[in-house]
1. Can you tell me which of 40-47, 8-15 comes out highest on packing, and rank the rest after it, using the mean Cβ neighbours within 10 Å?
2. Expressed as an acute angle from 0 to 90° and rounded to the nearest 10, what is the orientation of the C-alpha long axis of helix 66-79 relative to the principal long axis of the chain?
3. Going by C-beta contacts inside 10 Å, put 169, 1, 76 in order with the fewest on the left.
4. Any idea what angle helix 147-156 forms with the longest principal axis of the chain, computed on alpha-carbon atoms, 0 to 90 degrees, nearest 10?
5. Using Cβ counts within 10 Å as a stand-in for footprinting exposure, how do 151, 130 rank, fewest first?
6. Measure out, as a whole number of angstrom, how far apart the alpha-carbon centroids of segment 93-130 and segment 8-80 sit.
7. Which shape class, rounded, prolate or oblate, goes with segment 25-136 when its Cα gyration tensor gives a ≥ b ≥ c as root eigenvalues, a/c under 1.5 marks rounded, and past that a/b bigger than b/c marks prolate?
8. Among [x] 17.4; [y] 16.9; [z] 18.8, which is the computed Kirkwood radius over Cα pairs in Å?
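Just so it is clear, none of the values below were taken in a lab; they were calculated from the coordinates. In this text, all values refer to a predicted model and were calculated from it rather than measured experimentally. Ideal geometry is used to build each Cβ from the backbone, glycine not excepted, and the neighbour counts take in all protein chains shown.
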């Protein structure tokens, strides 16, 4: 069983995989994204895990998608390079000074957590580590695991520290963006 299957099982979510096109985004980035991440996006409608972890999607049709987030973060280096460098130190955003750096693939709904790959176009994207932090300026934490394993551990593994929340969130679930406006956390537990 792969990590996307495990996430679907633990969250009680089942759907036919969505057909998503990654060609344009990967062309703009100049690298392929991890297959695991693409499978994660195909296996879940836009939404969040346990009202906490939200994967950024690949397109331009959402407020917080991978492409627009990457473009915004990259443009920060053009507008104010020293401030941007401090914001992401010791890393840079992918593509700013080469084909190595951070690509944000997710965030937390109820905190300032940010989840990135430490991407390197010269390395198979399946090998990119996930790096994350609780908030800007906080210490970075690196995990040599896939995005879907990372999400699983955050919401379902109470021993996953320091970015895990499984011991604080109750049983894992998946909440679509469409259903989120009606969600009451007192009912979800």
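1. Values: 40-47: 20.4, 8-15: 15.2.
Top of the packing list down: 40-47, 8-15.
2. Helix 66-79 sits roughly 30 degrees off the main axis of the chain.
3. Values: 169 22, 1 7, 76 17.
The order, fewest Cβ neighbours first, is 1, 76, 169.
4. It works out to around 40 degrees.
5. Numbers: 151 30, 130 24.
Ordered by Cβ neighbours within 10 Å, fewest first: 130, 151.
6. 12 Å
7. Numbers: a/c = 1.58, a/b = 1.21, b/c = 1.31.
Judged from the Cα gyration tensor, segment 25-136 comes out oblate (a/c at least 1.5, b/c at or above a/b).
8. Read-out taken from this structure: [y].
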